[in-house]
Amino acid sequence: MRFLTLSLLLSTLATLVTAAEPTDVAATVNGQPITVGEVNAIVTKKLAAIKSADAAIEARWQAEILQGLIDFRLLQAYFKDSPNRASAEQVEAALDSLRKQLAARDPNMTLEKIAAVTGQKPEQFREEVTIKLSVNKEIASTTKPTDIEEFFNARRAEFDGSELRVSHILLRPLQRATPQELLQLEAQAAAIREAILSGKLTWAAAVEKYSQGPSRAQGGDLGWIRRDGPMVEPFNRAAYALRTDDGREISPPILTPFGIHLITRTGSKPGTKTLQDVRPQVESAFLSSRAIELLKQIQRAGKVEYTGKLPHYKPGTRELVLADK
């Protein structure tokens, strides 16, 4: 992907959003609007941080931020009158703990400064903490003593130090790819995956015909990876979600900064770490997994409507729907 100067980045983003006024509604959540301006104010900060003005990345960020705002509104509505909503005392205790942690790292850093950097008002920051605590209380209320151990056993390779041998097919977008071109590339990857799974095409033949990565000469083989590297997180997460070593299971198309990947697993070296060795990591992953399940339930119950002013994800999927022209 090409990198541009900050001033050019911001001017490029500005030209992308002129089709929709900041006050235009991007989506409604249970009848309450989320505006184009709300989304793009956050997107601009994100793009400035990564110094990218790639149109395809911008469209993804717009969809990602819009989905995040939608999810937050849904969670607010869900916990408004919930018995598991965090109390004012619990929120204040959590904020005090955060203040102490910050002071220990940097005496000049405060929660107010962090909120300002992210563009949040103090009350918005407090509400975010409230919702996070409420989600944790909701999960704790339904968690059994054996759930953590069962979660670890079901996903042991992610935590016990296991290494995986993986192979991939890499489709590279053109520099400065448009959102539409990226969608077409994802559709091509999905079609290749289906052809392999249905037996119309072998993995080796698909690598030879389509892959644009250096590993093409090795049949797509990337060697051994760990859960924490050396590949980037989206790639690792997808690889460790695969459950077999026979090469017959193929990930859905995975987008990373390098392109779009199809991944298969061809070997594994079991790790030796026990639950006791990695319990904090397992508990954190367990909470994240349960939070995602809870959010999916809340999404199904909520009423979300899109206006087409901004890119968004098709409900219940990560499939990108581009803005109306």
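The values are calculated or read from the model by the stated rules, or taken from the named source; none is laboratory data. From a predicted model like this one, the values you see are computed outputs, not experimental measurements. Cβ coordinates were reconstructed from backbone atoms using ideal geometry, including for glycine residues, and neighbour counts include every protein chain displayed. Side chains are part of the model used for accessible areas, which takes the heavy atoms of the whole protein and leaves out ligands, DNA and RNA. Shrake-Rupley method; radii C 1.70, N 1.55, O 1.52, S 1.80 Å.
Remark: pairs (first residue in the stretch 144-173, touching a residue at least 24 places away in the same chain (Cβ under 8 Å) and part of a strand (DSSP E or B); second residue among the β-branched types (V, I, T) and open to solvent by 30 Å² or more (accessible area, probe 1.4 Å); Cβ separation under 8 Å; 6+ apart in sequence or on different chains) = R165/T266; V166/T266; S167/T266.
Checked against the criterion of being of a type in the set (S, T, N, Q) and either open to solvent by less than 80 Å² (accessible area, probe 1.4 Å) or not in a helix (DSSP H, G or I) (or both), the stretch 197-204 contains one or more residues that satisfy it. Candidates S215, S268: the one that is in a helix (DSSP H, G or I) and among the polar types (S, T, N, Q) is S215.
The single residue among A63, A59, A77 that is in contact with a strand residue (DSSP E or B) (Cβ under 8 Å, 6 or more places away or on another chain), in a helix (DSSP H, G or I), touching a residue at least 24 places away in the same chain (Cβ under 8 Å) and surrounded by fewer than 19 Cβ atoms within 10 Å (Cβ to Cβ) turns out to be A77. Per the listing A285, A291, A323, the residue uniquely open to solvent by less than 60 Å² (accessible area, probe 1.4 Å) and assigned to a loop (DSSP other than H, G, I, E, B) is A323. Scanning the stretch 211-269 for residues being open to solvent by 30 Å² or more (accessible area, probe 1.4 Å) and either within 16 Å of L185 (Cα to Cα) or over 20 Å from the mean Cα position of the chain (by Cα) (or both) gives a total of 23.
So that you can scan it fast, the table gives a plain yes or no per residue for (1) of a type in the set (A, V, I, L, M); (2) touching a Leu at 6+ places or on another chain (Cβ under 6 Å):
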{"residue": "V25", "(1), (2)": "yes, no"}
{"residue": "K45", "(1), (2)": "no, no"}
{"residue": "A86", "(1), (2)": "yes, yes"}
{"residue": "E92", "(1), (2)": "no, no"}
